[in-house]
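Q: Dropping a structure here in structure tokens format, bear with me for questions.
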Amino acid sequence: MTAAQPGGDDPKTRVELVARTTAAVPGGTLELGLHFEIDAGWHTYMPSQNDTGLPASAVWTLEVDGQPQQDLQPGEIHWSAGHRYVLPGDILDHVYEGSTTPTTLLTLPENLAGEWVRIVADLEWLVCDSEQCLPEFGQVSLQLPIASTAEPSSHASLFASAERARGVEMQGEAAGPVAIDLHAERATITSEAAGRLTFLPDERSVYIKDLLTSGTSDRGFLMLRFERGEVAGDTPDTGERLTGWIRFEPSHDDRTAAEPLLLRIDRPLP
């Protein structure tokens, strides 16, 4: 699909709706992805604590053999970790460049009957470069047969890449070279290895004070202070969790440094 933008015919982003498997299996789950290809020099927005910009939004419609299915809807969208993007004037956003594939799961009922299912997503998003922002929108669709079994699709590698871009869940207080100490009003993130630490909040996270300066460091230490009751994005949550990603990037000057690491964290505040 080619994206459209109001008043122009030169889209900066192309989007395709893809599935991990080749068929919809009754009683199973169907993993869907919205694959964004973004022109060089442009970016879209991660759902996060952003000073400007909005993430993509989707409205879903599903049909079975041409009949609308009001009760059949995908779940929440799973986003990957973007990266910090700082503009003059100390404007901080968290963005995607190049490509990104947010995914979602569609749970299929055991009694799903018919020959095919069609999934449609009406999308809106904002794409920007260093000088301007353009609203883009479009509709993507995918039709799959209903079958008793399914095989990996030709897009299966996109889903594997999306999983890697979502990182590894941080289960304890330390993972690899990274450790976290969580308190009621602050969190400290430390690493004894040489390199850069960055925290990327997602939209459900408690609001981080002064994220521009506190959210990244080459000194192996981050101090994140919270604004309790406030959330990073426009969500109905209460702002009582620290959610997002910790990214560790080893120093290029230290050959003994640890490997790059992306950790997913989701913790209730004490």
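Q: With a cut-off of 8 Å between alpha carbons and a minimum separation of six or more residues, what is the relative contact order of the chain in percent?
A: Values: 696 pairs, mean separation 51.8, N = 270.
Contact order relative to length: 19 percent.
Q: Quick one: if the Förster radius is 22 Å, what FRET efficiency do Gln139 and Ala113 give, using the C-beta to C-beta distance and rounding to 0.05? Please list the in-between numbers first.
A: Working: r = 26 Å, r/R0 = 1.20.
That pair, Gln139 with Ala113, gives E of 0.25.
Q: Now a separate question. So, with a 1.4 angstrom probe, what is the percent of accessible area on segment 1-84 that is carbon and sulfur? Kindly include the intermediate steps, with their values, before the conclusion.
A: Values: 1760 of 3760 Å².
Percent of accessible area from carbon and sulfur atoms in segment 1-84: 47.
Q: Also, I was wondering about something else. Per the Kirkwood formula on distinct C-alpha pairs, the Rh of the chain is how many angstrom?
A: Working: mean 1/r = 0.0497 Å⁻¹.
Roughly 20.1 Å, rounded to one decimal.
Q: Also, I was wondering about something else. Let a ≥ b ≥ c be the square roots of the eigenvalues of the Cα gyration tensor of segment 137-270; is it rounded (a/c under 1.5), or, if not, prolate (a/b larger than b/c) or oblate?
A: Verdict is oblate for segment 137-270.
Q: By the gyration tensor of its Cα atoms, with a ≥ b ≥ c the square roots of the eigenvalues, what is the shape of segment 102-186: rounded for a/c under 1.5, prolate for a/b over b/c, or oblate?
A: oblate
Q: With a 1.4 Å probe and all protein chains left in place, how much of the accessible area of segment 115-270 comes from carbon and sulfur atoms, in whole percent? Could the numbers behind the result be given before it?
A: Working: 3880 of 8200 Å².
Result for segment 115-270: 47 percent of the exposed heavy-atom area is carbon or sulfur.
Q: On a C-alpha basis, how far is the centre of segment 118-179 from the centre of segment 14-80 in Å? Whole number, if you could?
A: Cα centroid of segment 118-179 versus Cα centroid of segment 14-80: 7 Å apart.
Q: Okay, next question. Note the angle between two axes, namely the Cα long axis of helix 156-165 and the longest principal axis of the Cα atoms of the chain, as a number of degrees from 0 to 90, rounded to the nearest 10.
A: 20
The values are calculated or read from the model by the stated rules, or taken from the named source; none is laboratory data. Predicted model, so just to flag it, every value in this text is computed and none were measured. For neighbour counting, all protein chains shown are included, and Cβ atoms are generated from backbone atoms with ideal geometry for every residue, glycine included. Keep in mind that these areas ignore ligands, DNA and RNA; they rest on the heavy atoms of the full protein, side chains included. Shrake-Rupley method; radii C 1.70, N 1.55, O 1.52, S 1.80 Å.
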